[in-house]
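Chemist: Shown below is the structure under consideration.
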Amino acid sequence: MSNGWGHPDNQAMNAPKPALPPVLQLEDVGRQRAGRPAVRDLSLRLEAGQVLGLLGVNGAGKSTTLAMIAGALRPDKGAIRLQGQDFLEHPELARLALGWLPEGAPLWPELTVREHLDAHGQLRGLRGADLNRLRDAVLERLELKDLARRLAGVLSQGQRQRLGLACALLHRPALLVLDEPANALDPIQVVALRGLLRELAAGGTAVILSTHQLAEVTAVCDRVAILHEGTLRYDAPLHADEHAALEKTFFDIAMAGRTQAA
Amino acid sequence: MTLFAVTRLELRRLFVRPLGWIIGALALAELGWRFALLLQIFLLNQVRLAALPDGPGYTDLVAVRVLSSFITGSPLPFGLIELALLLVPLLTMSTLASERSAGTLPLLFASGLSAARILLGKYLAVLIWLALWLALALAIPMSLAHGATLDWGKLVAATLGTFLALAVLGAIGVACSAFASHPAVAAVAALMVGLALTCINLGAQLAGVSNGFINWLAMNTHEETLLRGLVSSADIVWFLLAIAVALLLGIQRLAADRERG
């Protein structure tokens, strides 16, 4: 195993891309859900090659934030810029610039692994030889080649997660949005995922990932943001040796919120 | 074009699900039975009909009547359109409702597709499936084309009418699927709307009223004209309007999904 899902002959997938900073910019983004504010005045900026970990307790607004960034949900207020362009005005920017793995990796159970990748590629305007090349590369990279003919409906949760990740990576987006990407992965696959994310970041891909696992964030992220009750409470660079400090910050924010609520 | 990517995806989903094949096979078996009965009646009356000046022939009494029971007036099994009232909702129920319940609808939005493209792409897939179904149903009476004299003009008009009726039912089914959070709810809703559209003028007809808004609103009024071989632009416009209204409502609902979450 090199680094799990990475293969030397696939390194071309990570060819450096021209820097177009910032890849993502959120300005005062807000969104109500079920009559209460799920995200409030959120402003974020993500440069090419950065890996941002989005932390928060359940209901903090992480998934809502990621759904808005992915274009699956429209904010009630604020602006989202993707590679400098207004994403809300031009949602079609998502087609090539953005890859999204939603929580639970939803799939079409009637389609095989290969058909999933083909469908995702075609939805993003890929055709013919380009699509075949990218599909084969991502199948190999995520070690899904042996499962290519298997129906998604019979995959294990870990395999589903890998397929969801493959679909998000297929078109080599500039921004990768991952909601709980390590869910249901075994420890070896978690290490492989970390290696993959580091490689992608080194190749210039901006990554934003939401997780409950502080260890996941300290292992791969170079920046961390903490959401609490829909509000950004913390946003700072992160170094590998700061796990304990991050843990303290996270619990301070989460517990302070609970004390106020009580 | 990404619209066709949605169509391809939906066609794939339609063709790998057993329900589509079961619906198609059962419907064709039933239509084959109807065809055999119609043919038997035609053969029994053939000599008498031949003596009539401009009497109805194989096209009127068998080929067109395989497509619809509207003008049969006898207790025979359903024609294609009546079967479609029951079966198209089952075919279309999963187009969007199952995407919503499986959580895959946001994936389509996140591919940069507008609500209109998603819905039209899926509707196109349903139309292709229905056209294939119609072609197979037409093959039943056409199998005797070499030994019978067909009135091609009348058959083309009836085929056009049947296709338009299927297209209306397909649009209603896809729109109901866009509104529903569960496929079964979408199927029931589409069945009720389809039945209402077919039976809305029943009271007026029983009272002997054959014109007015209520009759214009009913699909039968426009379908029957085409089945009798008369192609009127007013009837075609009605079908296109019905399709447009259903699809626009579906698109609005789908767009609201992205807005409301």
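The values are calculated or read from the model by the stated rules, or taken from the named source; none is laboratory data. This one's a predicted model, so the numbers in the text were calculated from it and none came from an experiment. Quick reminder, even Gly has a Cβ in these numbers, built from the backbone with ideal geometry, and neighbours come from all protein chains shown. Just the protein is used for accessible areas: all its heavy atoms, side chains included, with ligands, DNA and RNA removed. Shrake-Rupley method; radii C 1.70, N 1.55, O 1.52, S 1.80 Å.
Chemist: What pairs come up if the first residue lies in region A:11-36 and is within 17 Å of residue A:63 (Cα to Cα) and within 14 Å of chain B (Cβ to nearest Cβ), the second is open to solvent by 90 Å² or more (accessible area, probe 1.4 Å) and modelled with pLDDT under 90, and their beta carbons are under 9 Å apart, counting only those six or more places apart or on different chains?
Modeler: Between residues of region A:11-36 that are within 17 Å of residue A:63 (Cα to Cα) and within 14 Å of chain B (Cβ to nearest Cβ) and residues that are open to solvent by 90 Å² or more (accessible area, probe 1.4 Å) and modelled with pLDDT under 90, the close pairs are A:33/B:260.
Chemist: While we're looking at this one, here's another question. Looking at region A:172-187, which of its residues are on the phi < 0 side of the Ramachandran plot, touching a Gly at 6+ places or on another chain (Cβ under 7 Å) and modelled with pLDDT under 95?
Modeler: Once the filter is applied, which keeps residues that are on the phi < 0 side of the Ramachandran plot, touching a Gly at 6+ places or on another chain (Cβ under 7 Å) and modelled with pLDDT under 95, region A:172-187 yields A:185, A:186.
Chemist: Return yes when residue B:165 is open to solvent by less than 30 Å² (accessible area, probe 1.4 Å) and in a helix (DSSP H, G or I) and no when it is not. Quick ask: steps written out before the conclusion?
Modeler: Numbers: open to solvent by less than 30 Å² (accessible area, probe 1.4 Å): yes; in a helix (DSSP H, G or I): yes.
Here the answer is yes, as residue B:165 does meet what is asked.
Chemist: Would you say residue B:160 is open to solvent by 60 Å² or more (accessible area, probe 1.4 Å) and aliphatic (A, V, I, L, M)?
Modeler: Working: open to solvent by 60 Å² or more (accessible area, probe 1.4 Å): yes; aliphatic (A, V, I, L, M): yes.
It is true that residue B:160 is open to solvent by 60 Å² or more (accessible area, probe 1.4 Å) and aliphatic (A, V, I, L, M).
Chemist: Of the residues in region A:116-128, how many are more than 9 Å from every other protein chain (Cβ to nearest Cβ) and of a type in the set (Lys, Arg)?
Modeler: Selection size over region A:116-128: 1.
Chemist: Also, I was wondering about something else. Restricting the search to region B:98-114, which residues are among the polar types (S, T, N, Q) and either open to solvent by 10 Å² or more (accessible area, probe 1.4 Å) or more than 14 Å from every other protein chain (Cβ to nearest Cβ) (or both)? If you could, list the steps in order and put the result at the bottom.
Modeler: At the first step, the residues of region B:98-114 found to be among the polar types (S, T, N, Q) are B:98, B:101, B:104, B:111, B:114.
Across region B:98-114, the qualifying residues are B:98, B:101, B:114.
Chemist: Specify the residue that is farthest from residue B:167 (Cα to Cα); the eligible residues are those in region B:203-236 that are open to solvent by 80 Å² or more (accessible area, probe 1.4 Å) and assigned to a helix (DSSP H, G or I).
Modeler: Once the filter is applied, the top-ranked residue is B:206.
Chemist: Can you say whether residue A:131 is more than 18 Å from residue A:209 (Cβ to Cβ), in contact with a Gly (Cβ under 6 Å, 6 or more places away or on another chain) and either more than 9 Å from chain B (Cβ to nearest Cβ) or part of a helix (DSSP H, G or I) (or both), as far as the supplied structure shows? Reasoning before the result, please.
Modeler: Values: more than 18 Å from residue A:209 (Cβ to Cβ): yes; in contact with a Gly (Cβ under 6 Å, 6 or more places away or on another chain): yes; either more than 9 Å from chain B (Cβ to nearest Cβ) or part of a helix (DSSP H, G or I) (or both): yes.
The answer is yes for residue A:131.
Chemist: Spot the failing condition for residue A:96; the list is (1) open to solvent by 50 Å² or more (accessible area, probe 1.4 Å); (2) of a type in the set (A, V, I, L, M, F, W, C); (3) modelled with pLDDT of 90 or more, and only one is missed.
Modeler: Going through the list (1) open to solvent by 50 Å² or more (accessible area, probe 1.4 Å); (2) of a type in the set (A, V, I, L, M, F, W, C); (3) modelled with pLDDT of 90 or more, residue A:96 breaks only (3).
Chemist: Step by step: first the residues of region B:83-97, then only those that are small (Gly, Ala, Ser) and over 18 Å from residue B:162 (Cα atoms), then the one that is least open to solvent (accessible area, probe 1.4 Å). Which residue is that?
Modeler: Just the residues of region B:83-97 that are small (Gly, Ala, Ser), to begin with: B:84, B:94, B:97.
Of the ones still in play, those that are also over 18 Å from residue B:162 (Cα atoms) are B:94, B:97.
Values: B:94: 18, B:97: 0 Å².
Filtering region B:83-97 for residues that are small (Gly, Ala, Ser) and over 18 Å from residue B:162 (Cα atoms), the one least open to solvent (accessible area, probe 1.4 Å) comes out as B:97.
Chemist: Only one of A:113, A:190, A:177 is away from every other protein chain (no Cβ under 14 Å) and open to solvent by less than 50 Å² (accessible area, probe 1.4 Å); which?
Modeler: Working: A:113 fails: away from every other protein chain (no Cβ under 14 Å); A:177 fails: away from every other protein chain (no Cβ under 14 Å).
On inspection, the qualifying residue turns out to be A:190.
Chemist: Select from region A:64-106 the residues that are more than 7 Å from chain B (Cβ to nearest Cβ) and in a loop (DSSP other than H, G, I, E, B) and list them in ascending order.
Modeler: If the condition is that a residue be more than 7 Å from chain B (Cβ to nearest Cβ) and in a loop (DSSP other than H, G, I, E, B), then A:75, A:76, A:83, A:84, A:87, A:88, A:89, A:90, A:103, A:105 are the ones that fit.
Chemist: Something else: Identify, please: which residue in region A:37-56 is more than 16 Å from the chain's Cα centre (by Cα) and surrounded by 18 or more Cβ atoms within 10 Å (Cβ to Cβ) and is, among those, nearest to the other protein chains (Cβ to nearest Cβ)? Talk me through it step by step, then tell me what you get.
Modeler: Initial filter on region A:37-56 (more than 16 Å from the chain's Cα centre (by Cα)): A:37-43.
The next check asks that each one be surrounded by 18 or more Cβ atoms within 10 Å (Cβ to Cβ); those that pass are A:38-40, A:42.
Numbers: A:38: 9, A:39: 11, A:40: 16, A:42: 15 Å.
Selected residue: A:38.
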